[in-house]
Each structure stands twice: as C-alpha cells, then as structure tokens.
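The values are calculated or read from the model by the stated rules, or taken from the named source; none is laboratory data. Please read these numbers as outputs of a predicted model, since none were measured by experiment. Here the Cβ positions follow ideal geometry from the backbone for every residue, glycine too, while neighbour counts run over all protein chains shown. Only protein heavy atoms, including side chains, enter the accessible area calculation; ligands, DNA and RNA are left aside. Shrake-Rupley method; radii C 1.70, N 1.55, O 1.52, S 1.80 Å.
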Amino acid sequence: MREGNETISQHAHDSPLSSVVVSPLWGRFGRCDRPHHKIVLSGERYGLNLGITDPREVEIFKSIISPLIFKEKDIILHKGDLLIEEVKSTSISFQELIDSAKEIDDPEVEFWFKSPTCIQYKNSKVSEMFPHREAVFNSLVAKWNAVSPDGLRMGIERDDIGRHVIEKPDPRSYRTHSVVVNTVIDNVKGHPRPIFKQGFSGRCGYSFAKGAPEDVKNAVLILSRFAEYSGVGSAVSRGCGWVEVTVGEVGKCQTMR
C-alpha cells in the first residue's frame, strides 16, 4: 500500500475509524526465537482474508489488491517471498444484508471467533474476556452505524440485546488471549515497545428468548452476517476479531456464505 499510495497507506494504518479488516495468516508455522513472531514454512500454502465495509474506503482496498493482481507482486519477507497464487473477492450491499434477515422464521446464529476478539468496554481500558451478547452485538451496531447509509442505521439499544438474546458458549473451544497489535517508540526509554490487547476466541451460539421482538431478531441476523465483513471489536486491521458465522432455523444452522 505504501508503494502504491502513501497517503492511503498512512490513513489505513493510523486512523482509529478505518474499516479495513485483515485476518491472521492461516496455515502452519514454525517456532521463532524472536518474541511475538512465527516462521512461515517453505512449501506451505497460507490463506489471508481482507474485508472493507465503508464505501468511502474502496481506494484502500484497491491499493492492497491491485499490486498483487495487476503487478503480480509477491510479498517480500526477511528470507524469501510469499508467492500470490490465487485471489477471490465477493461483495454485498447493505440492503442485501437487510433483505437476507427476512428469510428465516425461527433463527439462531453461531459465531466462531477465529482470532483473538478484543472488545473494550465504553470509555474504559477494560476488555471483555467472554463473548457476551451485549458486548459482541453492541460492537457490531457501532460498526454498522459508522459506515451504513443514513436511512439504514440501527437504533437497537444494548438493553434490548441483553433482554432478548441468549448466548450459548462452547466451553471446549473458549480461550483467552493477550496479543501484540502494534509497536510504538517509547520516548522515555528510547526503544520500541509492544502494545497489547486482551480478548477471547472460540465458538458461541446466539438464540432468542421467547417473545423477542421481530426488530431485535432482524437486527441480530443482519449484524451477524455483517460481522464476516467488519470483524468484531478493535484492532481488526491487525488480525483481531476475525469471525465465521453460521445461521439458520433452530437446530439447522448453515454457513452464511
């Protein structure tokens, strides 16, 4: 990105409001003596997911993808290169996400938080360490309202989520994490220091209490699908908060895409 458009690169890396979502690099790794690092293996195939939700930041997405596709530019590492073998893309409009929520009568969803999901409680430095319904969907409401057209913004309250949504965590997959999301120069000590965030990963299902209003159900379904494009929580441009979602009628969940 920096080579293609330095201004866009600076915005994507430094803006707290950027909608760019980057997954971790999926694949097998070797151990590394350097703290907080892993070694990619020769001959191993890796996957990477990128997402963007703000139509105003399409140029950022193009700046990431164009060099890889049109210039056939490999990703240069310390020793060797990552060769780009295949690139696929999909897109969906906000209205299509809304329309998709009308197709299921008795819905439930399951989130697989595949990378550490770091959700800070409002106006604090306290991190959520459990996929609580209020934390997850309140984070998604904020992300949706930040990028959706004015007429499609949501007014669902945190209390509505707490009253009408039920979480069903899978204790076998639940993990907590403290991960490095950035490195900054410590002006006092004069050397780089890592910035950590805390969070969780694993699977958690969400269903609805008896008598839950239709607008709450629809909002949760819309936000669930949106989550696969927006990520959940903070530091999503640095690999955190990547999720896969399944949805369907109770007892019949199917993958969303």
Residues of the range 99-116 satisfying the condition of being surrounded by 19 or more Cβ atoms within 10 Å (Cβ to Cβ) and out of contact with any Gly (no Cβ under 9 Å at 6 or more places or on another chain): 101
Failed criterion for residue 50 (all others in (1) closer than 30 Å to residue 210 by Cβ; (2) in contact with a helix residue (DSSP H, G or I) (Cβ under 7 Å, 6 or more places away or on another chain); (3) surrounded by 15 or more Cβ atoms within 10 Å (Cβ to Cβ) hold): (1)
The range 117-143, residues that are β-branched (Val, Ile, Thr) and either crowded, with 19+ Cβ neighbours inside 10 Å or in contact with a Leu (Cβ under 6 Å, 6 or more places away or on another chain) (or both): 117, 119, 136, 141
Residue selected from the range 64-84 under the condition modelled with pLDDT under 75 and basic (Lys, Arg), by the criterion farthest from residue 41 (Cα to Cα): 71
Positions within the range 36-56 being among the charged types (D, E, K, R) and either over 23 Å from residue 182 (Cβ atoms) or modelled with pLDDT under 75 (or both), in sequence order: 44, 45, 56
Residue, modelled with the highest pLDDT, within the range 235-256, restricted to residues that are within 13 Å of residue 22 (Cβ to Cβ) and small (Gly, Ala, Ser): 241
Candidate set from the range 1-35 (those that are under 26 Å from residue 227 (Cβ atoms), in a loop (DSSP other than H, G, I, E, B) and open to solvent by 70 Å² or more (accessible area, probe 1.4 Å)); member that is modelled with the highest pLDDT: 16
Positions within the range 97-144 being among the polar types (S, T, N, Q) and either within 26 Å of residue 25 (Cβ to Cβ) or at pLDDT 95 or above (or both), in sequence order: 115, 117, 120, 127, 138, 139
